[in-house]
Every structure is written in C-alpha cells, then in structure tokens.
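Asks: Before I ask anything, here is the structure I am working with.
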Amino acid sequence: MPKILIVTEKLLTGFDAPVLYAMYLDKPMRDHTLLQAIARVNRPFENEAQEMVKPHGFVLDFVGIFDKLEKALAFDSDEINAIVKDLKLLKVLFKNKMEAEAPKYLGLIERNFNDKDVDTLIEHFRDPERRKEFFKEYKEIEMLYEIISPDAFLRPFIGDYGTLSAIYQVVRKAYTRTVMVDREFQAKTNYLVREQVGSYGVGGLGEIVAIDGNTIELIKNKRGGDGTKVINLIKSIEKLAEENSDDPYLIAMAERARAVQERFESRQTSTAEALAELLREVEGNETRKKEQAEKSFDGLTYFVYRSLLDAKIENAETVSRKIRHAFTEFPNWKRSENAFRELRKKVTFALFAEIDDLDRVTAMVDELFTLLEKADRI
C-alpha cells in the first residue's frame with residue numbers, strides 16, 4: 001500500500017483505507033465533500049497481528065477550513081462536534097492516558113533498565129493477554145504523541161513517554177518472533193527512542209548466543225536473570241534452525257524450544273524449569289553432533305537414521321542413506337509438485353522395504369515432510 005496519496009474529489013469519495021490516519025487539506029471544501037474527506041481518516045482501525053491501533057484520524061488544515069467549520073459544513077453544530085475534535089481534545093486524551101494508564105507500567109522500572117528491570121518486565125508480561133492489553137494501550141498513546149508532536153505541550157511527558165517506549169521495546173524484543181525495526185515505532189517516536197531510550201540499553205535482551213559446546217557454561221556465567229536467559233536461548237535456537245533450514249534435527253529442536261516458550265508464557269513451567277529444559281536441548285544437540293560426525297552424516301541423513309533407530313527399524317543406516325539419495329535427486333521438491341510427489345514416493349518405498357505396515361510408513365513420511373516444510377516458516 002502506498003504511504004502517500006495525492007487525491008481529488010473523485011478519488012476521495014471512493015477511496016477507502018481504514019489504516020489511513022493523516023490527511024493534509026490544501027484546497028477549500030464544503031458540505032458533503034468536506035465531510036467525506038474527514039470520513040476518510042476518521043474510522044477507527046486495529047490490526048491485532050501487527051499490534052496496530054488507530055483510535056482516530058488526523059486532518060491538517062492548510063487553508064483555514066476548520067476556523068469556520070459551521071459555515072463550511074451545512075450541518076448542526078452538535079453533529080459537527082460529534083465528528084470533528086480539536087487538537088486540544090487530543091492533548092487532553094494524551095494527558096489522561098499518561099496520568100491514568102502509563103504509571104502502572106512505569107512503576108515496573110526501578111533502575112533504568114538494568115538486568116533486574118528487564119527480568120521484571122519479562123516476568124510481568126509472560127501472559128499474552130497482559131501483553132496484548134499493554135500493546136493496545138501503548139499504540140493509542142503513541143498515535144496521540146505522533147499527532148501532537150512537536151508541540152511544547154509534550155515537554156513534561158517526554159521522560160515518561162520515553163520510558164514507556166523503552167518498556168514496549170523490551171517486551172516486543174522478548175516475546176515477538178520477528179520485530180521489523182522500521183515498523184516498530186512511528187517516525188517521531190522512533191527518533192525519541194534513538195535519542196533518549198537508546199541510552200538505557202536493554203540488559204542484553206535478544207542477544208544471540210552460539211549454540212555449541214560452550215553454551216551451557218556461557219549461559220550459567222552470564223549476567224542477567226533466568227527470564228532473560230530463557231528468551232535469549234529460545235531466539236538463539238530459532239536463529240540456528242533458520243540458518244540451517246535443511247537440518248530436520250535443528251528444525252525439530254526449534255519447535256521444542258517454542259513449546260518451552262509456550263509453557264513458560266502460560267506459567268505451566270517455572271523460569272528455572274524452562275531454562276533447564278533449554279540447556280538439556282543444547283546438551284543433546286552436542287551429543288547428536290558428535291554421533292553425526294562419527295558416521296559422516298549430513299543433518300537430513302542423521303535425522304532419518306535416528307528416527308529409524310527410535311522406531312526399532314533394522315538396516316537404519318542403509319535406509320537413511322537411500323532417503324538422502326532421493327533428496328539429492330529432487331533438489332527442487334519444495335517448488336515442484338511433481339518433484340514432491342516423486343520424492344515422497346521414493347522415501348515411502350525405501351521405508352516400506354523394511355516396515356511391512358503402510359499406515360506406520362505413511363505416518364513417518366508425513367512427520368518428516370511436515371518438519372521440513374516448517375523450515376520455511378521459521
């Protein structure tokens with residue numbers, strides 16, 4: 001969707017984009033045309049997936065229409081007031097929110113986002129519903145700030161608003177799988193975050209650690225609370241799986257890490273239990289790497305081999321090598337339906353030669369391909 005549109009009356013009457021929040025008027029308008037112009041930006045909009053909230057629109061009047069609004073609009077004054085709100089009201093809304101809603105979040109910060117503060121935020125916002133409520137509140141405040149800024153009215157609120165933005169940044173960084181940096185904040189808030197909030201730091205949150213033989217010792221000796229370590233380990237495992245999307249073991253490991261996060265967020269498991277479980281995953285991966293290297297297997301071959309051993313299938317090594325060869329025959333299986341069908345057929349036959357149970361074979365093949373297809377969504 002374009003970010004800026006230059007429109008005339010004809011497009012104005014038919015254009016409908018609820019996400020639109022700012023309109024700049026540079027020509028006289030009256031009656032229904034003006035009302036339609038206001039209506040283009042006046043619709044509330046909320047996108048839960050993007051955590052975007054638009055409670056109202058913003059019209060910047062370059063030609064003085066709003067100075068004589070009752071003449072420009074042939075409607076009753078009460079009707080006009082129900083549609084058009086002055087900037088003064090937006091200031092009142094912003095002030096009310098900063099005084100009534102923001103303190104319950106600002107009170108979570110004691111020491112300018114040191115390790116303890118970051119861990120407090122991770123613990124406080126473990127509940128997805130609590131995060132959802134905060135994101136909605138913050139986005140409404142951010143929208144008001146963007147509209148009002150750079151008015152001097154905001155000066156008494158800059159410190160608290162900056163802290164609130166830093167809290168949002170920490171929570172987003174901790175619990176959102178992919179944060180688009182250029183969309184995380186709107187323009188004026190983004191500038192404030194860089195100038196003011198950037199000085200806080202966020203206690204190493206979101207830091208990617210290498211998943212190797214040194215990881216366990218590194219995590220144990222690292223500063224910060226266990227909550228931060230849990231989040232960093234999950235993101236590090238996901239990153240490793242993303243960089244090795246042809247390795248089913250790492251994809252499955254990332255899936256298990258996300259399951260740990262779900263239990264952690266729903267408080268089915270404690271922070272210490274979640275951290276211990278993730279460290280066991282790291283330890284298991286090191287054991288797996290040694291065994292894989294001893295047999296000179298790549299990731300796919302080892303995963304199939306291990307799955308066959310767990311299923312107590314004879315000739316597991318021979319079958320796993322056959323399946324690996326089938327994948328080399330059809331390297332474009334993700335892009336070609338025909339190649340996918342042929343590959344699946346070969347994998348099925350390789351397993352069926354050792355397992356005289358078609359339902360069991362089908363289940364194993366389904367599990368393998370489902371896991372490999374998940375790599376595209378990591």
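Asks: Yes or no: region 87-108 includes at least one residue that is assigned to a helix (DSSP H, G or I), in contact with a Pro (Cβ under 7 Å, 6 or more places away or on another chain) and either open to solvent by less than 30 Å² (accessible area, probe 1.4 Å) or of a type outside the set (D, E, K, R) (or both). Quick ask: steps written out before the conclusion?
Replies: Start the filter on region 87-108 by keeping residues that are assigned to a helix (DSSP H, G or I), which leaves 87-100, 103-106.
Still in the list and also in contact with a Pro (Cβ under 7 Å, 6 or more places away or on another chain): none.
Looking for residues that are assigned to a helix (DSSP H, G or I), in contact with a Pro (Cβ under 7 Å, 6 or more places away or on another chain) and either open to solvent by less than 30 Å² (accessible area, probe 1.4 Å) or of a type outside the set (D, E, K, R) (or both), one finds none in region 87-108, hence no.
Asks: Right, something else. Taking Glu373 and the conditions (1) modelled with pLDDT under 90; (2) more than 18 Å from Tyr249 (Cβ to Cβ); (3) charged (D, E, K, R), which numbered condition does it fall short on, given that it satisfies the others?
Replies: (2)
Asks: Continuing with the same structure: Could you figure out which of (1) more than 37 Å from the chain's Cα centre (by Cα); (2) open to solvent by 90 Å² or more (accessible area, probe 1.4 Å); (3) under 14 Å from Leu368 (Cβ atoms) isn't true of Ala350?
Replies: Tallying (1) more than 37 Å from the chain's Cα centre (by Cα); (2) open to solvent by 90 Å² or more (accessible area, probe 1.4 Å); (3) under 14 Å from Leu368 (Cβ atoms), Ala350 fails exactly one: (2).
Asks: Right, here's the next one. Write out, first by first residue and then by second, each pair whose Cβ atoms fall under 8 Å of each other, whose residues are 6+ apart or on separate chains, and whose first residue, in region 290-314, is closer than 26 Å to Asp356 by Cβ and among the charged types (D, E, K, R) while the second is part of a helix (DSSP H, G or I) and open to solvent by less than 80 Å² (accessible area, probe 1.4 Å).
Replies: Arg306/Tyr249; Arg306/Arg288
Asks: For region 106-138, how many residues meet the condition of being aliphatic (A, V, I, L, M) and within 12 Å of Glu265 (Cβ to Cβ)?
Replies: Let us first name the residues in region 106-138 that are aliphatic (A, V, I, L, M), namely 106, 108-109, 118, 121-122.
Okay, now just the ones that are also within 12 Å of Glu265 (Cβ to Cβ), so 122.
Residues meeting the conditions: 1.
Asks: Can I ask one more? Of everything in region 122-151, what is of a type outside the set (Asp, Glu), assigned to a loop (DSSP other than H, G, I, E, B) and under 23 Å from Gly227 (Cα atoms)? Give them in sequence order.
Replies: Selection gives Phe125, Arg126.
Asks: In addition: If Ala259 satisfies all but one of (1) under 24 Å from Val304 (Cα atoms); (2) surrounded by 14 or more Cβ atoms within 10 Å (Cβ to Cβ); (3) among the aliphatic types (A, V, I, L, M), what's the number of the condition it fails?
Replies: Ala259 satisfies every listed condition except (2).
The values are calculated or read from the model by the stated rules, or taken from the named source; none is laboratory data. For clarity, every value in this text was computed on a predicted model and none was experimentally measured. A quick note on method: Cβ atoms are made from the backbone with ideal geometry, for glycine too, and the neighbour counts reach across all protein chains shown. Surface areas here come from the heavy atoms of the whole protein model, side chains and all, with no ligands, DNA or RNA. Shrake-Rupley method; radii C 1.70, N 1.55, O 1.52, S 1.80 Å.
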